[in-house]
Amino acid sequence: MHLVGGRVIAHRDGFGFLVSDDGGDDVFLPARQMRDLFHGDRVLVRISGEDRRGRREGVVVEILERNTQQVVGRFYREQGVGFVLPENPRITHQIMIPADAQGEVRDNQIVVVDIVEPPSKRGPPLGRIREVLGEHMAPGMEIEVAIRAHDIPHVWPQEVRDEVEGLAPQVPAHASEGRFDLRG
C-alpha cells in the first residue's frame, strides 16, 4: 500500500486536500472522505488513483491526530434539536448540541463549543456549549469571534493580575518624563 501522512486542508465546498509530510504533491480528498474530518486533522491516506483532473486521490486509512477541540459559531434550535453552524468556513459540519449541553443559550447567539465527539461515518460531531459570547450583530462581536477562532490568548494569567493590582488607574507625572504621550 502506498500510504501518505499529512495535515488536512478543508475547502468550504466539502472536499479537501492532504498536505503531505514528505513535501510531495497534495492529495485530493473527496467530500465522502472529509465526512469524519475537521480542517487541520492529521491523517494517513492510501492513494487510490487519480481524480478526473489528474490529481492524486486518497482514501483515509487512519486519523492520527484531531486538531479541532473548540469551535466558534452561531447556535440554532429547530424542532427541539440544537446545533451550531461554525463561523470558520473550512468547518462544514453542523455541530449537534444535546439538550443537556445547551445551558442558557438562545437562537442566533454566538457561542464557543467544546467538541465532545468528533464527526464520524455514523453521525455529525457532538458538542457542549462552553461560553455564550452574545448576540450575532452585537458591537465588538467580530473581535470576540476572531480572538477565540484563532486561539489568541485573551485572559491575563493570575500572576499578571496580581502584579498590576497595586497600580493606579492614572499614569503618574514622573512616569511620563522622556516619553511621548500617544493616548490622544
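The values are calculated or read from the model by the stated rules, or taken from the named source; none is laboratory data. As the structure is a computational prediction, the values presented were derived from the model and not from experiment. Note: ideal-geometry Cβ built from the backbone for every residue, glycine included; neighbour counts use all protein chains shown. Heavy atoms of the whole protein, side chains included, go into the accessibility calculation; ligands, DNA and RNA do not. Shrake-Rupley method; radii C 1.70, N 1.55, O 1.52, S 1.80 Å.
Brief remarks follow.
- Enclosing the Cα atoms of segment 19-119 in their convex hull gives a volume equal to 119 cubic angstrom per residue.
- Proportion of all alpha-carbon pairs of segment 90-132 beyond 11 Å (%): 65
- Helical content alone sets the calculated 222 nm signal of the chain at -2500 deg cm²/dmol, taking -39,500 (n - 2.57) per DSSP H segment of four or more residues and averaging over every residue.
- Separation between Cα centres of segment 42-78 and segment 125-177, rounded to whole Å: 33
- Inter-probe distance in nm under a simple model that places probes 7 Å from Cα toward Cβ, at GLN70 and ASP100: 2.4
- Within the accessible area of the chain (1.4 Å probe), percent carbon and sulfur: 50
- Electrostatic dipole magnitude of segment 1-119 [Cβ: Lys, Arg +1; Asp, Glu -1; Cα centre; debye, to 20]: 320
- D_trans [Stokes-Einstein, Kirkwood Rh over alpha-carbon pairs] for segment 77-184, 37 °C, 0.692 mPa s, µm² s⁻¹: 190
- Volume per residue that the Cα convex hull of the chain spans, once the total is divided by residue count, Å³: 220
- Summed over the residues of segment 1-96 and divided among them, the accessible surface reaches 55 Å² per residue at a probe radius of 1.4 Å.
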